[in-house]
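A.B. asks: The structure is given below, and queries will be raised subsequently.
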Amino acid sequence: MKLTDYAKKSIEEHGVTVDQVEEALNNEVARQVQEDGRIRVWGWVDDLGFYVRVILLSDGETLLNAFRDSNFTRKRKR
């Protein structure tokens, strides 16, 4: 997985590791393509006990951002 400079800083600030991002991608439960071509992926990470939202660039390989998304299950029920 490629990481932008922003991603390296951002995931550290959000308390998420690259391994946890990879786990979220391997446990994908939802995917959405944004209007700008970026890809949102939600996946479960066991050791966090949360869904993690991963934002990839339009190439589908480069990580832009990742963070815990504690509201994901509530959003899915709507």
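The values are calculated or read from the model by the stated rules, or taken from the named source; none is laboratory data. Values in this document were obtained by computation on a predicted structure and should not be read as measured data. We place every Cβ from the backbone using ideal geometry, glycine too, and count neighbours over all the protein chains shown.
A.B. asks: So residue 49 passes all but one of these: (1) in contact (Cβ under 8 Å) with a residue 12 or more places away in the chain; (2) surrounded by fewer than 20 Cβ atoms within 10 Å (Cβ to Cβ). Which condition number does it fail?
C.D. replies: Residue 49 satisfies all of (1) in contact (Cβ under 8 Å) with a residue 12 or more places away in the chain; (2) surrounded by fewer than 20 Cβ atoms within 10 Å (Cβ to Cβ) except (1).
A.B. asks: Any idea how many residues of the range 31-67 are at pLDDT below 95 and part of a strand (DSSP E or B)?
C.D. replies: Of the residues in the range 31-67, 1 are at pLDDT below 95 and part of a strand (DSSP E or B).
A.B. asks: Looking at (1) in contact with a Leu (Cβ under 6 Å, 6 or more places away or on another chain); (2) free of Cβ contacts under 8 Å to residues at least 40 places away in the same chain, find the lone condition where residue 69 falls short.
C.D. replies: Going through (1) in contact with a Leu (Cβ under 6 Å, 6 or more places away or on another chain); (2) free of Cβ contacts under 8 Å to residues at least 40 places away in the same chain one by one, residue 69 breaks only (1).
A.B. asks: In the range 3-28, what residues are among the β-branched types (Val, Ile, Thr) and not in a helix (DSSP H, G or I)?
C.D. replies: Once the filter is applied, which keeps residues that are among the β-branched types (Val, Ile, Thr) and not in a helix (DSSP H, G or I), the range 3-28 yields 4, 16, 17.
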